[in-house]
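Structure record follows, encoded as structure tokens.
The values are calculated or read from the model by the stated rules, or taken from the named source; none is laboratory data. Just so we're clear, the structure is a prediction, and the values are computed from it rather than from any experiment. With ideal geometry, Cβ positions are generated from the backbone for all residues, glycine too; neighbour counts draw on all protein chains shown.
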């Protein structure tokens, strides 16, 4: 997916920017970047971070960059921030989101006279460069950002830094968060609101959907008001969000405890397990919540090996990803042998990694392995955020099974499979259970997930679970 951090300070803010961006390393695995504006004008550094952490790659840059304004990002895709020179002046820009209508926007841009974009490997263009080009069609930066918000099918949240300050713009329906921090001599903008606490900032507020704010060392001014409709991604709480983060006032860790507790409530004591465990790291809090509610002891029957895998490095090649996932988790034989385990993972996507995890638990002597995913079955590929490298919905184990069972997969058919009260839902879950060799399988229900989060259902995006926009 990706994350960003920006600082506007009355003094040099290089270290604040460096550490603030680093605190977003869990949101991306391919590239990192920082841009600053100071006495030397605009400066920028971008590095590949696939094989080493952000801090390692940017330590030297942090010694050389200087400025009172800065933005930076962690990205799963294009190199950014970009430095742009235009009729609106020079600026740096970084984005988080997904553009479903990129091809049509490109064609429109070419028709309007834009001759070229830099091409990345694989024949793709840099989506952030396209966004910058669209902004520059307008007579002002604010008008340009509004133009983009209305044009993009998907989502587009951004930071744009000029010589005077930083424009922070949340996507049209607030699918991703933007938080503001403040201290006596500076303001900051962050995807994750925990990222600025250790830097001396306190939480100020979150931007609303489509809101555009201009951030300077002196304050934060709303230059375009928030919209009325919100559809923040529910999967942020389930998986992507860092435990110390909060979105719309709801803490990630606390939500996961509630989620686990509701999974236990649905089981209602029907599972005879010796221990409850979470797949590290995103399943751990859910498992703690289940253990607290059920009375079944929490334990760690496998440990993530962090000395050489400190971050979520995942190459694009699926077989390499599967190998690395296996290498990270080390079983604790004494906690597995002759035990009945109840295991909670954040989700089941393809099913490959969880099947292999289950297999090594059996090989280590487990008697039973009960699986409780912390979200409903994923039936649709996300249209709004780049949180998966899946190229097709058939990468989802649910969709493969549905395709095998149905002559034609229509929206009406998928709606039936999304309904936990339908026979087809039960049959799909049983087929997943058999294919992945689980003793039992029960997914978190969508109504329970919404209750676990605790904000109005109409403010949540649940598209990947039920296909509803």
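Checking each residue in region 279-296 for being surrounded by 19 or more Cβ atoms within 10 Å (Cβ to Cβ) and either assigned to a helix (DSSP H, G or I) or at positive phi (or both) picks out 284, 285, 286, 287, 288, 289, 290, 291, 294. With respect to the conditions (1) surrounded by fewer than 16 Cβ atoms within 10 Å (Cβ to Cβ); (2) closer than 19 Å to residue 341 by Cα, residue 421 falls short on a single one, namely (2).
The set of residues from region 107-127 being more than 18 Å from residue 45 (Cα to Cα) and modelled with pLDDT of 90 or more comprises just one member, 127. Being surrounded by fewer than 19 Cβ atoms within 10 Å (Cβ to Cβ), out of contact with any strand residue (DSSP E or B) (no Cβ under 7 Å at 6 or more places or on another chain) and either in contact (Cβ under 8 Å) with a residue 60 or more places away in the chain or assigned by TED's automatic domain parsing to the domain that holds residue 127 (or both): is that true of residue 451 here? So residue 451 passes the test. Of the listed requirements (1) modelled with pLDDT of 95 or more; (2) closer than 30 Å to residue 12 by Cβ; (3) touching a strand residue (DSSP E or B) at 6+ places or on another chain (Cβ under 8 Å); (4) crowded, with 16+ Cβ neighbours inside 10 Å, residue 144 misses just one: (3). State yes or no: is residue 338 closer than 24 Å to residue 295 by Cα and surrounded by fewer than 17 Cβ atoms within 10 Å (Cβ to Cβ)? When the stated conditions are applied, residue 338 passes them. The number of residues in region 43-59 being in contact with a strand residue (DSSP E or B) (Cβ under 8 Å, 6 or more places away or on another chain) and either surrounded by 15 or more Cβ atoms within 10 Å (Cβ to Cβ) or not assigned by TED's automatic domain parsing to the domain that holds residue 33 (or both) comes to 9.
Quick one: which helices (runs of 4 or more DSSP H) sit completely within region 340-426 and have at least 3 residues that are in contact with a helix residue (DSSP H, G or I) (Cβ under 6 Å, 6 or more places away or on another chain) and in contact (Cβ under 8 Å) with a residue 40 or more places away in the chain? Explain how you work it out, then say what you get.
Numbers: elements: 352-363, 397-405, 411-418.
Where helices (runs of 4 or more DSSP H) fall fully within region 340-426, none carries at least 3 residues being in contact with a helix residue (DSSP H, G or I) (Cβ under 6 Å, 6 or more places away or on another chain) and in contact (Cβ under 8 Å) with a residue 40 or more places away in the chain.
In region 103-129, what residues are more than 16 Å from residue 92 (Cβ to Cβ) and surrounded by 14 or more Cβ atoms within 10 Å (Cβ to Cβ)? Passing the criteria: 105, 106, 108, 109, 114, 117, 120, 125. Within region 1-13, being touching a helix residue (DSSP H, G or I) at 6+ places or on another chain (Cβ under 8 Å) and surrounded by fewer than 22 Cβ atoms within 10 Å (Cβ to Cβ) holds for one residue alone: 9.
Evaluated against (1) in a loop (DSSP other than H, G, I, E, B); (2) more than 30 Å from residue 286 (Cβ to Cβ); (3) in contact with a strand residue (DSSP E or B) (Cβ under 6 Å, 6 or more places away or on another chain), residue 171 falls short on exactly one condition, (2). Once region 125-150 is narrowed to residues that are in a loop (DSSP other than H, G, I, E, B) and more than 22 Å from the chain's Cα centre (by Cα), the residue that is farthest from residue 175 (Cα to Cα) is 139.
Screening the candidates 271, 276 for the property of being buried (at least 23 other Cβ atoms within 10 Å of the Cβ) and over 23 Å from the mean Cα position of the chain (by Cα) yields one hit, 276.
For residue 385, indicate whether it is farther than 30 Å from residue 149 by Cα, at pLDDT below 95, in the same structural domain as residue 265 (by TED's automatic domain parsing) and crowded, with 20+ Cβ neighbours inside 10 Å. Taking the combined requirement at face value, the residue does not satisfy it.
Restricting 72, 38, 28, 33 to residues that are touching a residue at least 24 places away in the same chain (Cβ under 8 Å), buried (at least 24 other Cβ atoms within 10 Å of the Cβ) and either over 20 Å from the mean Cα position of the chain (by Cα) or under 23 Å from residue 243 (Cα atoms) (or both) narrows the list to 72.
Do we find that residue 424 is farther than 16 Å from residue 371 by Cα and either at pLDDT below 95 or in the same structural domain as residue 177 (by TED's automatic domain parsing) (or both) in this structure? In short, no. Residues in region 72-81 that are outside any strand (DSSP E or B) and under 21 Å from residue 40 (Cα atoms): 80, 81. Of the residues contained in region 301-323, none is found to be closer than 15 Å to residue 442 by Cβ and modelled with pLDDT of 90 or more.
Across region 82-103, the number of residues qualifying as assigned to a loop (DSSP other than H, G, I, E, B) and in contact with a helix residue (DSSP H, G or I) (Cβ under 7 Å, 6 or more places away or on another chain) comes to 1.
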